[in-house]
Structures are given as C-alpha cells and as structure tokens.
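This report concerns only the one structure given below.
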Amino acid sequence: MSHTIYKDLQDEKKDIKKTQILQALESEDLSATFDDALDNEMVLNMGPQHPATHGVLRLLLSLDGETVKKCVPELGYLHRGYEKLAEASTYHEFIPHTDRLDYLQPMANNVAYAQAVEKLIHLEIPERGKYIRTLIAELARIQSHLLAFGAMVMDIGALTPFLWAIREREKILDLYDLICGARFTTSYTRIGGVAQDITDQALKGTRKFIDEFSGYLQECRDLVERNKIFINRTEGIGYMSKEDIISYGITGPTLRAAGVESDVRRDNPYLVYDQLDFRIPTYPDSDCLARYYVRVEEMVESTKIVKQCLDKIPQGPYNAYSTKKVLPKKERIYTKMEELIHDFMIINFGPNPPKGESYSAVEASKGELGFYFISDGSGHPFRTKIRAPSFCNLQALPVMMKDCMIADTVVIIGGVDPVMGEADK
Amino acid sequence: MRAFFSYMTEQRLNTLKEKLSNYNLQYTDVNGTPSITIPNENLLDVCNVLKNDLQFDQCRDAVGVDRFTKKNRFEIIYNLYSIPFKERLFIRVEIDGKNPESQSLTSVWASTNWYEREAYDMVGIKFTGHPDLRRVYMPEDYEYFPLRKDFPLMGIEGSIPLPNK
C-alpha cells in the first residue's frame, strides 16, 4: 500500500554516507566505539495490528533515536465502501450500517442519520421523540468518552481506571438493552422517530444509573488526576497551536481543548438542546491533558443533560404522523390494509424525498458528524457523503507528533481518540 | 419547520455578495444553507476572500460527486464553516468529465489535503497543486474509482489480487 513512502524515505537515506553503526556492523572489529550512537534514522511501522492504535490505524514513523521526525498515517484497512452501499440501499436500509460507523457510540450515529434524512424529506418529529433522541445521544457520548478516558489512561500504564470505566460503560449497554433490545448494534432510530417507545422501566434504570454515575466518575478521576506520572506524560504532549487546529478542520473535544468554544449543540441547536441548560467546557492549553479534561467534563455535562431530559420528557406520540414516509406500527400492519400497503411501499421504494441536496450535522463525541445527501427524487440517495469526525481529526497526527518521543505517540492517539470504523467508512 | 441550522443573516449574505461582486458566481440554496458555484479559474481568489475577509476559517469536508451527465460530469462541494459567525457555506466547482481536474485548496485550508485525496480516491478528480495526491482508502495500484456511477456495486473481478487458496 505504501511502497512509495518507504521508497521516498529510503531514497533520502541513500544520500547520507554510511553511518558509523553500519560501518561497525560490517567490520570485524568487535570493540567498535561510536561518537554518537543515535546517529541513525530508521522507519518504524506501527500498526495496523497494534494494541494502542484504537483499531486498524497504521502509522509510519521516521525515527531519529527515540524522537519522531516524521509521521505518515495510513488508512483504509477497514474500508467497507459504505458510501457506495448507501447509493444502492433505500434510506431505511442504511440505518443498521450507521451502527458500524463509530461503533463506540452507535446511538449517536443513528440519531445523526435519521435527522439528516428527516431534514431532506422535511419531516418534523414530535417532542417525545426528540427527548428520547437527546437522551440516547447523551448516553452515547458518555459511553464513548468513558472508553476514550479508559483507553488513554491505560496507554499511559494505569489499568485500574480502564476497568472501572468499562464497568460503567457496561451499565449503559444494559440500558440500551432495555431501551431498544440490543446492547451494541442498536439501530434504534427510524425515519420520523424511533423504533419503539422508551418504557418506564428504562427511564427508571437510566435515572438510577445517572444518579450513581457522578460518584463513580469522580472515583475514576481521583485515581488519575493527582497522579504525577499521568500529568508528566500528558502535560504539553501533542501540542498543536490554535491556528493549526482550526486550519486543519478539527472539531469536537480536540478543538475545544484549544480554547475554541465551538459545538454544534450550541451553535446550531438541533433536537431539544436549545431548551436545556449545559456548559461547553473549553481549555486553552491544546495538549493531551487539556483534551482529557474536556472529555471528562463533557461527561459531567452529559449527565446533567440526561437528568433534564428525564425530568422534562413529555407523554405523547414518539413517531411523526406521515403515512407515506414513516413506517407504521407492526401490530397495525398485521391487522389493517392501508398500513400494510404503506409499509410495503416504504420498505420497497423508500420515502421518496424531493429532488435536491441537504446537509445536516450533529455533535457526536468525536466531533461534527454530518451527512450530505444528494437526492434525485427516487427512494435511493444519489450520493451520500459521511462527514466522519475521526477521519478529519486524524489529519492532525503528523503535526502533533512532530518531534515527540516514541512513547508519546500512543498518548497522542488516545488524546485525539479516533475510531477507525468511522475514519475508514 | 424549525431550522436545523441557523441561516446566514441577510446582512452577512449581502456583504458576501458585495465582496465577491467581481466574480461570476451563482447563488443557490442547499436546504437552508447558502451555496456558491464558482468558475474553476477564479477558485483560489474567491476562497482567499472567503477565508481572509469573511472569516470562513474552517473547511470541514469536501464531497466529490459524479453527476453522470454529458456536460460537467463531476462536481466537488466544499463545506465551509465560520467559527466566529457560526455559519455554514457550501462552495462548489463543476468539473469537466473528460479530464477531471480542479485546483487544490490546500494552500488556503490545510484540512482540504485529505478531503481532496479522498475525492481523488473515490471519484477520480485530480487536484493540481496538491502536495501529496495519493489514494486514501484503496490500494495505491488500484486502477478504478469506486464511487463513479459506472463502477458496479459488486466490484470488478480481479481488480484486487486475493491471496491464493
């Protein structure tokens, strides 16, 4: 895949005279001494199967001793061609595929996709549906940030916080089981609402989890935040200037850790975020420690949002009423003729949107997750473009890794928190 | 229907039109978000004005499209965002089908580097002045462009060598 990079790096080296180490290796004098033992550049291939690269990310590092001189990220090991698949499936058919985009927070992807289609077909969903979506999107944020927190700390060497974070994350997966019947690949949203109403039992379980979560999160934080090793390993590591961060199109916690208060939930409110009270945490340092703090504080804010949703969630319909666009309820399909016909038409031909284009984005845990649709009036999108935050954020790695130590590369990757399912599409 | 996105204010849109009045641009609307079609030869000048004078400081995405029409088969749509004004703007360039080439915007927004690589990989638009135009997802020796409309969904047999059984 990247033979040319190797060749480039090797061509550069040809010009350099044989280093002392190479000369010593070829000579028969075993007691050779060097002026500078590190006077030797080498190319290290990190990944795609590396425990600390969060999936199949491959980095080519050009090293001078232990210092990274150049970094080239290579993608495509998880490329499944989702944009091509989307062109061949109806709008409904693509919903299960969105689970596999950012597999650490499938609910948020479901919400983003359904919202984008609704914007394309001009459909407004009822209040209860909006509250359910906000609730699950925020649970997804906690779920994703918990893993980001645990994995980043584990890459530094602390195993306990990772296990504790996974324990909490497990509870969220159990809640998903109550809400939609699946723990991992949820596919919960439908165009016009959600697949089924949220039960009182699920709401009760969510409230119990949220009440306990703040305490558990604080316990996890106490383990790391006053730890000298953790602070030394993250403070000032992976620094990237604010101008660079903006120019490289970075969004999400990495952008907010550079002191830019930019969040789709606040800037262009969707769902019910304009009726909720929450803070956008920002830090000015733009290093791995700042990114850590932004994520952790976002979890605290998310618990607040979930609490408000639980208090405010209204009774009423959870699906929009639009016979030609929204799937009818199953029990009505089996008993009523009209609903059977509509279900057949929607499943086979899709909710035909008007000709045109549309873009809609949400704030996922990694940044702005958007879908650009081009519709030709048929049931299939003519073109679907997924604006995946991880793909865009990975561009920053070469800048962040310039002149860092090789042990810091895993910390920097943990700070950016990419998910390859999303970056590779 | 409530807007998912805040629209660009009338006043801002007028300033934008005024600043760009020297160029032959077409203004359209993408479901509530303004969009400008820019002729290929003015692309870099217009983008510099957009970035420096109108503060569209981020390019958040680029969409390569194969329209499959006889004239101007390809199109690339850049997704611009202004952090201080919290506004979105699409700019689009229509590209001829016979020799799909467009100017690279990497000198204006650094982020377009990978977006343009992706558009090249998937749709086959070449970007002049791009520092590192390699494929992103597909193998480097791959001959086809998968998101073109004439590429079959099932793929082309033999295009990717598989390991021997």
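The values are calculated or read from the model by the stated rules, or taken from the named source; none is laboratory data. Because the structure is a prediction, the values reported are computed rather than measured. So basically every Cβ, Gly included, is an ideal-geometry build from the backbone, and we count neighbours across all protein chains shown.
Details
- From the list A:Glu261, A:Glu243, the lone residue that is in a loop (DSSP other than H, G, I, E, B) and exposed (fewer than 15 other Cβ atoms within 10 Å of the Cβ) is A:Glu261.
- Residues that are facing another protein chain (nearest Cβ under 9 Å), closer than 28 Å to A:Tyr270 by Cβ and out of contact with any strand residue (DSSP E or B) (no Cβ under 6 Å at 6 or more places or on another chain) do not occur anywhere in the stretch A:405-421.
- For the stretch A:398-417, the count of residues that are closer than 28 Å to A:Arg80 by Cβ, among the polar types (S, T, N, Q) and either assigned to a helix (DSSP H, G or I) or not assigned by TED's automatic domain parsing to the domain that holds A:Ser62 (or both) is at least one.
- When B:Lys165, B:Lys149, B:Lys86, B:Lys126 are checked against the criterion of being basic (Lys, Arg), surrounded by 13 or more Cβ atoms within 10 Å (Cβ to Cβ) and either under 30 Å from A:Arg265 (Cβ atoms) or at pLDDT below 85 (or both), B:Lys86 stands alone in meeting it.
- Answer residue from the stretch B:89-123, given it is of a type in the set (Ser, Thr, Tyr) and either within 30 Å of A:Ser262 (Cα to Cα) or in contact with a Lys or Arg (Cβ under 7 Å, 6 or more places away or on another chain) (or both) and is surrounded by the most Cβ atoms within 10 Å (Cβ to Cβ) among those: B:Tyr115
- Among residues of the stretch A:121-143, those that are surrounded by fewer than 24 Cβ atoms within 10 Å (Cβ to Cβ), aliphatic (A, V, I, L, M) and assigned to a helix (DSSP H, G or I), counted: 1
- Positions within the stretch B:23-61 being among the hydrophobic types (A, V, I, L, M, F, W, C), closer than 20 Å to A:Gly356 by Cβ and facing chain A (nearest Cβ under 9 Å), in sequence order: B:Val30
- Considering the stretch B:44-59, and only residues there that are touching a residue at least 60 places away in the same chain (Cβ under 8 Å) and surrounded by fewer than 20 Cβ atoms within 10 Å (Cβ to Cβ), the residue that is farthest from B:Leu13 (Cα to Cα) turns out to be B:Leu44.
- For the stretch A:160-186, the set of residues classified as closer than 17 Å to A:Ala202 by Cβ and among the small types (Gly, Ala, Ser) consists of A:Gly181, A:Ala182, listed by residue number.
- All positions within the stretch A:306-352 that are assigned to a loop (DSSP other than H, G, I, E, B), closer than 30 Å to A:Lys208 by Cβ and over 28 Å from the mean Cα position of the chain (by Cα): A:Pro314, A:Gln315, A:Gly316, A:Pro317, A:Lys329
- Condition met for A:Ile280 (out of contact with any Cys (no Cβ under 6 Å at 6 or more places or on another chain) and assigned to a loop (DSSP other than H, G, I, E, B)): yes
- Of the residues making up the stretch A:326-343, not a single one is within 14 Å of chain B (Cβ to nearest Cβ) and within 30 Å of A:Asn268 (Cα to Cα).
- Single match in A:Ala88, A:Ala112, A:Ala108 (criterion: among the hydrophobic types (A, V, I, L, M, F, W, C), in the same structural domain as A:Arg133 (by TED's automatic domain parsing) and farther than 25 Å from A:Ala148 by Cα): A:Ala88
- Every residue from the stretch A:355-404 that is more than 8 Å from chain B (Cβ to nearest Cβ) and of a type in the set (Asp, Glu): A:Glu363, A:Asp376, A:Asp403
- For the stretch B:78-107, the set of residues classified as under 19 Å from B:Asp45 (Cβ atoms) and at the interface with chain A (Cβ under 9 Å from one of its Cβ atoms) consists of B:Phe90 only.
- Where A:Ala396 falls short, out of the listed (1) out of contact with any Leu (no Cβ under 9 Å at 6 or more places or on another chain); (2) more than 30 Å from A:Glu138 (Cβ to Cβ): (2)
- Among helices (runs of 4 or more DSSP H) entirely within the stretch A:1-119, having at least 1 residues that are at pLDDT 85 or above singles out A:82-88, A:95-99.
- Qualifying residue in the stretch A:268-277 (condition: part of a loop (DSSP other than H, G, I, E, B), under 30 Å from A:Ala407 (Cα atoms) and of a type in the set (S, T, N, Q)): no
- Residues that are in contact (Cβ under 8 Å) with a residue 24 or more places away in the chain, within 30 Å of A:Lys312 (Cβ to Cβ) and within 9 Å of chain B (Cβ to nearest Cβ), drawn from the stretch A:239-263: A:Thr251, A:Leu255
- The listed residues are B:Phe85, B:Phe90, B:Phe151, B:Phe127, and the only one of them that is touching a residue at least 24 places away in the same chain (Cβ under 8 Å) and more than 16 Å from the chain's Cα centre (by Cα) turns out to be B:Phe85.
- Every residue from the stretch B:109-131 that is part of a loop (DSSP other than H, G, I, E, B) and within 9 Å of chain A (Cβ to nearest Cβ): B:Trp109, B:Ala110, B:Ser111
- Of everything in the stretch A:301-326 that is over 27 Å from A:Ile142 (Cβ atoms) and in contact with a Lys or Arg (Cβ under 8 Å, 6 or more places away or on another chain), the residue that is modelled with the lowest pLDDT is A:Val326.
- Some residue of the stretch A:267-286 being closer than 16 Å to A:Asn393 by Cα and buried (at least 22 other Cβ atoms within 10 Å of the Cβ): yes
- Applying the set (1) in a helix (DSSP H, G or I); (2) surrounded by fewer than 22 Cβ atoms within 10 Å (Cβ to Cβ); (3) acidic (Asp, Glu) to A:Glu298 leaves exactly one unmet item: (2).
- Residue within the stretch A:289-305 that is touching a residue at least 40 places away in the same chain (Cβ under 8 Å), in contact with a Cys (Cβ under 8 Å, 6 or more places away or on another chain) and at negative phi present: no
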